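The values are calculated or read from the model by the stated rules, or taken from the named source; none is laboratory data. These figures come from a predicted structure and were not determined experimentally. Note: ideal-geometry Cβ built from the backbone for every residue, glycine included; neighbour counts use all protein chains shown. Side chains included, ligands, DNA and RNA excluded: accessible areas come from the protein's heavy atoms. Shrake-Rupley method; radii C 1.70, N 1.55, O 1.52, S 1.80 Å.
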Amino acid sequence: MISRLSVLLFILFLLTSCAVPPDSAGFQPSENLPRYDQESFDQYVHDTRAWIANNRVFISEDRDLEIQLNTPFELSPDKPAKRGILLVHGLGASPWYFIDIATAMANDGWLVRSILLPGHGTRPADLMLPDNDDWEKIIAHHAKLLAAEVDELWLGGFSTGGNLVTSHAFTDDNVDGLLLFSPGFYPDTHY
């Protein structure tokens, strides 16, 4: 018969083994998060790309492709844009999630930017570094930069990104519209 002490020791063993992360680099956080408050979107892209290259734990032989898929990007129409949209990915995703719709929107005359949420793009442990405030601040900063360049500012987001841009739109009078993909809203009305 198994004693209570044996069961308790077994449970403690399981809990402590789960609490200690593996030695893999993916489970060791980077020293810091990248800056996102640069004065221009181009500088933000440049700095973020370099930060990804220096901090990413690569999962394939194609390092350049992994960097490209995680780097923020901008697509511009052929003529000056009157409308712009800032796209924000979901939890565990990347800016590249939006490449198809961004291309279509740029072809339709939109200035399209897709940012990288802090904690994403490098290693799983980096998701422990940011908090909601970091995510709110990057959206506020890049929405302000984009609003200065276009007449009509839109925000778009997938899942967590949809929730973040909606929250920002409540406080930013410059936002003219939202484009949401699978936001995690829960209605509080009963019909």
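G184 passes all but one of (1) open to solvent by less than 20 Å² (accessible area, probe 1.4 Å); (2) farther than 21 Å from E39 by Cβ; which number fails?
Looking at each condition in turn, G184 falls short on (1).
Among the residues of region 140-177, which ones are closer than 19 Å to L75 by Cα and open to solvent by 30 Å² or more (accessible area, probe 1.4 Å)?
Residues satisfying the conditions are H141, K144, L145, A148, E149, D151, E152, W154, F158.
Of the residues that sit in region 35-86 and are outside any helix (DSSP H, G or I) and touching a Pro at 6+ places or on another chain (Cβ under 7 Å), which one is farthest from A169 (Cα to Cα)? Give the derivation first.
Start the filter on region 35-86 by keeping residues that are outside any helix (DSSP H, G or I), which leaves 35-40, 56-62, 71-86.
Pick out the ones that are also touching a Pro at 6+ places or on another chain (Cβ under 7 Å) and you get 36, 71-73.
Values: Y36: 19, T71: 24, P72: 21, F73: 22 Å.
My answer is T71.
Evaluate the following for G84: is it open to solvent by less than 20 Å² (accessible area, probe 1.4 Å) and farther than 18 Å from S40 by Cα? So that I can check it myself, show each step before the final result.
Details: open to solvent by less than 20 Å² (accessible area, probe 1.4 Å): yes; farther than 18 Å from S40 by Cα: no.
Against the criterion (open to solvent by less than 20 Å² (accessible area, probe 1.4 Å) and farther than 18 Å from S40 by Cα), G84 does not qualify.
Filter region 131-185 down to the residues that are in a helix (DSSP H, G or I), touching a residue at least 12 places away in the same chain (Cβ under 8 Å) and among the charged types (D, E, K, R) and list them by number.
The answer is D134, E136, K137, K144.
What are the residue pairs meeting all of these: first residue in region 16-30, first residue surrounded by 10 or more Cβ atoms within 10 Å (Cβ to Cβ), second residue at pLDDT below 80 and not hydrophobic (A, V, I, L, M, F, W, C), Cβ atoms under 7 Å, and 6 or more apart or on different chains?
F27/P21
Of all residues in region 92-115, which are open to solvent by 10 Å² or more (accessible area, probe 1.4 Å) and not in a helix (DSSP H, G or I)?
Residues satisfying the conditions are G92, A93, S94, D108, G109, W110, L111.
Filter region 122-139 down to residues that are among the charged types (D, E, K, R) and crowded, with 20+ Cβ neighbours inside 10 Å and give me whichever is nearest to S60 (Cα to Cα). Steps first, please.
Residues of region 122-139 that are among the charged types (D, E, K, R), as a first pass: 123, 126, 131, 133-134, 136-137.
With crowded, with 20+ Cβ neighbours inside 10 Å added as a condition, the list becomes 123, 126.
Numbers: R123: 13, D126: 19 Å.
Restricting to residues being among the charged types (D, E, K, R) and crowded, with 20+ Cβ neighbours inside 10 Å, the top hit is R123.
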